[in-house]
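Here the structure is laid out as structure tokens; the discussion comes afterwards.
The values are calculated or read from the model by the stated rules, or taken from the named source; none is laboratory data. If you're wondering where the values come from, they're calculated on a predicted model, not measured in any experiment. Using ideal geometry, Cβ is built from the backbone for each residue, glycine included, and neighbour counts are taken over all protein chains shown.
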Ligand code: NAD
């Protein structure tokens, strides 16, 4: 028996990375999945790979009618919507604050924040009429701590976390749960760009060394978190920003901090006098 037997999910940004991985896991757990992405070729390929339990619908999450249409396709094909996973994203505008144009601001916030808002807005009425549902959005540890990512990315992800909490407060009475996932560094094209296998491994080695758990995240790590939030294992969990980052957001280990600040070796054990 699968954890998502009989459930219907819409996953945005499902052509690649965490979204594609989640689509695979959800189908293996019994769900029917509407794979949606603006990348038609790769989105269609993911849906083809998953067979009759999946269907591809192209959509750009920054366009309200396209998000609404993806949800509509899922409900007309399978009759319900149990999980809305607002996951699509990109790096957005980079550079110093004075160099960011209004157009770059708009496209960054439209995809990373407005896209999530559209997903919540159009999933809510369907889930309300069913009296159940789980809305999951991919935020980031960058939404919890500045300095992890460019200005607008970090601000948009913080907005996703706050919107998640606000909407969770409204929809709880309808048994609709609203949660965010905050990944740390995860080996996907968004993080490492279009690399060959050798350079992907170098990325994993370089960033993995700095993670308390000793490796970077894989898309499957995030898919497992999404499965928990989508399934009935989490019926008392709402309004959370679940950190899935190998411990990186917890801070820098105290012994490493000391080495960095003092340039000295590891701290010696402190013993109060006379003990
Ligand atoms: P990815 O590049 O592998 O996948 C992102 C997908 O989103 C792509 O298929 C892309 O085509 C799609 N997409 C981008 N803009 C879109 C739009 N306007 N409409 C529809 N689809 C669009 O990257 P990923 O790492 O799997 O990213 C998934 C989510 O995770 C994003 O929201 C990202 O911000 C977030 N995230 C990633 C990391 C990381 O280290 N990879 C860390 C924290 C958060």
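For segment 1-15, which positions are outside any loop (DSSP other than H, G, I, E, B) and away from the ligand (no atom under 11 Å from the Cβ)? Within segment 1-15, 8, 9, 10 qualify.
Considering only segment 233-251, how many residues are assigned to a loop (DSSP other than H, G, I, E, B) and surrounded by 14 or more Cβ atoms within 10 Å (Cβ to Cβ)? So the answer is 6. Taken as a whole, the structure places residue 226 among residues that are assigned to a helix (DSSP H, G or I), touching a strand residue (DSSP E or B) at 6+ places or on another chain (Cβ under 7 Å) and surrounded by 13 or more Cβ atoms within 10 Å (Cβ to Cβ). Once segment 59-74 is narrowed to residues that are within 13 Å of the ligand (Cβ to nearest atom) and under 16 Å from residue 127 (Cβ atoms), the residue that is nearest to the chain's Cα centre (by Cα) is 67. The residues in segment 23-43 that are part of a helix (DSSP H, G or I) and out of contact with any strand residue (DSSP E or B) (no Cβ under 6 Å at 6 or more places or on another chain) can be counted, and the count is 5. For segment 201-222, a residue qualifies if it is outside any loop (DSSP other than H, G, I, E, B), buried (at least 18 other Cβ atoms within 10 Å of the Cβ) and in contact with a helix residue (DSSP H, G or I) (Cβ under 6 Å, 6 or more places away or on another chain), and the qualifying residues are 219, 222.
Considering the conditions (1) more than 18 Å from residue 181 (Cβ to Cβ); (2) surrounded by 23 or more Cβ atoms within 10 Å (Cβ to Cβ); (3) within 16 Å of the ligand (Cβ to nearest atom), residue 18 is excluded by exactly one of them, (1). Of all residues in segment 232-248, one or more are modelled with pLDDT under 95, within 17 Å of residue 148 (Cβ to Cβ) and in contact with a helix residue (DSSP H, G or I) (Cβ under 8 Å, 6 or more places away or on another chain). Could you list, in sequence order, all residues of segment 61-81 that are under 17 Å from residue 114 (Cα atoms) and buried (at least 17 other Cβ atoms within 10 Å of the Cβ)? Across segment 61-81, the qualifying residues are 61, 62, 66, 67, 70, 71.
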